[in-house]
Amino acid sequence: MSLAVVGTDTGIGKTVVTAALVARLREQHNGDGDPPRAIKPAQTGYPGDDDAGYVRWVCGEESAAVRLRTREDPLAPAVAARQAGDPIDYRDLLADTRAAMATGGVVEAAGGLRVPLSNEPYREIVDLVVDLGVPALVVARSGLGTLNHTALTVEALRRRGVPVAGVVLNRYTGGSVAERTNPDELERMCDCPVDTLPERSLDSPGDVRALADHLPERIWPPPSGGGV
């Protein structure tokens with residue numbers, strides 16, 4: 001299984017969703033070849049922020065995640081690389097990401113689709129998703145303001161020919177009218193399935209792994225081990 005987890009913004013839960021996905025995929029792995037893992041093509045704010053490290057913590061295995069490029073400044077990857085005087089070559093990054101996905105995996109994007117990713121040549125997150133040729137699962141906020149951001153993200157993916165596996169509204173409580181109406185409204189606006197992940201404690205790896213129970217069945221590979 002290969003999938004890109006993208007978001008409408010930063011800090012909305014892409015890493016949590018990625019960790020839950022990868023943990024479940026590794027639990028379901030039939031032992032034929034290496035199990036799927038999370039791939040973080042570009043991690044900024046490192047080592048303070050370490051999405052691959054979080055996935056490893058949830059899965060309890062060092063091999064559960066890999067990061068390919070790291071920059072210290074908490075900025076868009078291309079901007080952080082420019083600040084560091086260490087530009088990111090897109091062709092090399094794309095090749096390394098494809099190699100890391102050889103046995104399947106979940107690619108976690110950085111920020112939203114238009115985040116600058118590389119310097120030479122200039123590319124954005126959406127370009128990487130397109131070039132990888134994988135479906136995208138969109139993670140978005142649950143509350144007021146998510147309709148516009150989510151619909152624009154889905155539209156941008158489809159304009160570039162990326163299949164949209166669905167939308168996941170994270171940290172859902174149903175505590176406001178906006179939250180309660182957003183799932184159905186987004187299904188009408190985006191013409192794709194919309195699911196919710198409940199607000200809950202994520203203090204232990206087991207708490208995060210349990211979120212996979214709320215992720216839609218359609219994104220999981222069939223028992224034969226086929227792709228999405």
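The values are calculated or read from the model by the stated rules, or taken from the named source; none is laboratory data. Keep in mind that this is a model prediction, so the values were computed, not measured. Heads up, the Cβs are rebuilt from the backbone with ideal geometry, glycines too, and the neighbour counts pull from every protein chain shown.
Would you tally the residues in the stretch 22-36 being in a loop (DSSP other than H, G, I, E, B) and free of Cβ contacts under 8 Å to residues at least 60 places away in the same chain?
2
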Margin query: Between A80, A76, A38, A42, which is under 16 Å from S118 (Cα atoms), buried (at least 17 other Cβ atoms within 10 Å of the Cβ), out of contact with any Lys or Arg (no Cβ under 8 Å at 6 or more places or on another chain) and at pLDDT 95 or above?
Written below: A76
Check: Among the residues of the stretch 99-146, how many are within 14 Å of R69 (Cβ to Cβ) and either out of contact with any strand residue (DSSP E or B) (no Cβ under 8 Å at 6 or more places or on another chain) or of a type outside the set (K, R) (or both)?
Finding: 14
Margin query: So, in the stretch 206-224, exactly how many residues are over 15 Å from V17 (Cβ atoms) and modelled with pLDDT of 95 or more?
Written below: 1
Item checked: Inter-residue pairs, beta-carbon under 6 Å, first in contact (Cβ under 8 Å) with a residue 60 or more places away in the chain and in the stretch 179-201, second surrounded by fewer than 16 Cβ atoms within 10 Å (Cβ to Cβ), 6+ apart -> L197/H214
Checklist line | Scan of the stretch 167-194 for residues that are assigned to a helix (DSSP H, G or I) and either out of contact with any Gly (no Cβ under 9 Å at 6 or more places or on another chain) or closer than 21 Å to K14 by Cβ (or both), ordered by number | finding: V177, E179, T181, N182, P183, D184, E185, L186, E187, R188, M189, C190
Check: Can you find even one residue in the stretch 76-89 that is in contact with a strand residue (DSSP E or B) (Cβ under 9 Å, 6 or more places away or on another chain), β-branched (V, I, T) and not in a helix (DSSP H, G or I)?
Finding: yes
